[in-house]
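The values are calculated or read from the model by the stated rules, or taken from the named source; none is laboratory data. Because the structure is a prediction, the values reported are computed rather than measured. Ideal geometry is used to build each Cβ from the backbone, glycine not excepted, and the neighbour counts take in all protein chains shown.
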């Protein structure tokens with residue numbers, strides 16, 4: 001659908017998976033189950049960590065915030081996606097679309113910086129173990145989390161203001177939520193400068209924490225290879241492997257989506273990529289971080305019903 005200018009835009013149509021209508025019942029069932037499992041598993045992580053004093057360490061402090069982030073992150077897009085699978089066309093208001101983009105970017109960028117903070121925590125634990133508790137104190141950990149949320153809000157606000165001040169000549173978004181790339185397809189005229197701005201900010205928001213992670217794990221690998229005993233090496237590799245897996249999945253898909261121009265946008269492929277980092281990654285995080293962690297599984301076995309006092313405690 002084509003319109004003259006953005007003053008006439010009051011809502012958008014989310015096309016979602018309209019090209020495969022026969023698969024809608026199956027997709028709805030799968031995505032609904034994934035969403036419920038994601039909420040329950042991440043919520044369980046928060047409850048177990050808060051209820052066990054043995055898990056009140058910097059690593060699990062970051063994991064609590066990551067789980068809370070994942071719950072919010074997947075809840076921004078999944079409910080609307082499920083609605084899209086139930087009805088023929090899903091409408092979303094102009095302000096609703098802007099709010100969805102803001103919160104999706106907010107939680108996504110915050111996760112980028114939080115993952116970088118978690119890699120720094122592993123770097124200090126393995127490379128500087130004698131000063132670990134001095135460096136990773138409560139105040140510093142809180143500051144890292146606050147910086148993650150502030151960076152997320154700044155990037156999200158900038159992108160949202162930029163995008164929704166552009167003139168739109170269409171209202172049908174070929175996606176299942178208000179993503180930057182498919183919205184650019186609806187913008188009137190030349191979007192080159194706007195695309196450059198988006199890519200420039202994405203480089204800072206995605207690549208800067210990514211290079212921090214690369215630096216941390218490069219130092220960790222050097223330290224591991226210097227360890228005299230193979231058991232120590234195996235333990236260190238086990239500690240970091242789960243984080244590396246999450247980083248690879250999240251940064252790989254998000255980076256491919258945001259660090260390229262509009263001309264390379266491919267709706268069918270990009271929908272799958274967005275589905276992966278918006279839906280699948282929040283499900284995998286609790287599995288990767290917790291079910292492979294002997295300390296967490298031990299705490300899970302010891303925990304029955306957490307008390308109100310334990311639920312309020314977060315510090316180590």
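Against the test of being over 14 Å from the mean Cα position of the chain (by Cα), farther than 20 Å from residue 274 by Cβ and surrounded by 15 or more Cβ atoms within 10 Å (Cβ to Cβ), the options 57, 10 yield a single qualifying residue, 57. The sole residue among 94, 140 that is within 30 Å of residue 189 (Cβ to Cβ), surrounded by fewer than 19 Cβ atoms within 10 Å (Cβ to Cβ) and out of contact with any helix residue (DSSP H, G or I) (no Cβ under 6 Å at 6 or more places or on another chain) is 94.
Counting the residues of the stretch 82-91 that are in contact with a helix residue (DSSP H, G or I) (Cβ under 6 Å, 6 or more places away or on another chain) and outside any helix (DSSP H, G or I) gives 1. One residue stands out among those in the stretch 150-183 that are modelled with pLDDT of 90 or more, more than 18 Å from residue 11 (Cβ to Cβ) and surrounded by 18 or more Cβ atoms within 10 Å (Cβ to Cβ): the one that is farthest from the chain's Cα centre (by Cα), which is 159. Among the residues of the stretch 15-25, is there at least one that is surrounded by 12 or more Cβ atoms within 10 Å (Cβ to Cβ), in contact with a strand residue (DSSP E or B) (Cβ under 8 Å, 6 or more places away or on another chain) and at pLDDT below 90? Yes, the stretch 15-25 contains at least one residue that is surrounded by 12 or more Cβ atoms within 10 Å (Cβ to Cβ), in contact with a strand residue (DSSP E or B) (Cβ under 8 Å, 6 or more places away or on another chain) and at pLDDT below 90.
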